[in-house]
Amino acid sequence: MNDWMAELHVNNVADKDYVASCFATHSCYLGLSRSARATLKYNW
């Protein structure tokens, strides 16, 4: 029985700069840089 579960979530793996949104020609926002989250779960 598999009691352990591991997860890895990574955003923006290549760590590239990108425009996430623009509201006007002079009002643009960059996206977030690379981030990661790891989870380890055990069920009994």
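The values are calculated or read from the model by the stated rules, or taken from the named source; none is laboratory data. None of these values were measured; they are calculated from a predicted model. For neighbour counting, all protein chains shown are included, and Cβ atoms are generated from backbone atoms with ideal geometry for every residue, glycine included.
Things to note:
- Taken together, the residues in the range 1-29 that are under 30 Å from W44 (Cβ atoms) and either at pLDDT 90 or above or polar (S, T, N, Q) (or both) amount to 9.
- Search result, residues across the range 1-42 that are hydrophobic (A, V, I, L, M, F, W, C) and in contact with a Cys (Cβ under 9 Å, 6 or more places away or on another chain): V19, A20, C22, C28
- Condition met for N12 (surrounded by 10 or more Cβ atoms within 10 Å (Cβ to Cβ) and free of Cβ contacts under 8 Å to residues at least 60 places away in the same chain): yes
- Hey, N43 touching a residue at least 12 places away in the same chain (Cβ under 8 Å) and surrounded by 10 or more Cβ atoms within 10 Å (Cβ to Cβ) or not: no
- Within the range 17-31, the set of residues being of a type outside the set (S, T, Y) and either surrounded by 10 or more Cβ atoms within 10 Å (Cβ to Cβ) or in contact with a Gly (Cβ under 9 Å, 6 or more places away or on another chain) (or both) comprises D17, V19, A20, C22, C28, L30, G31.
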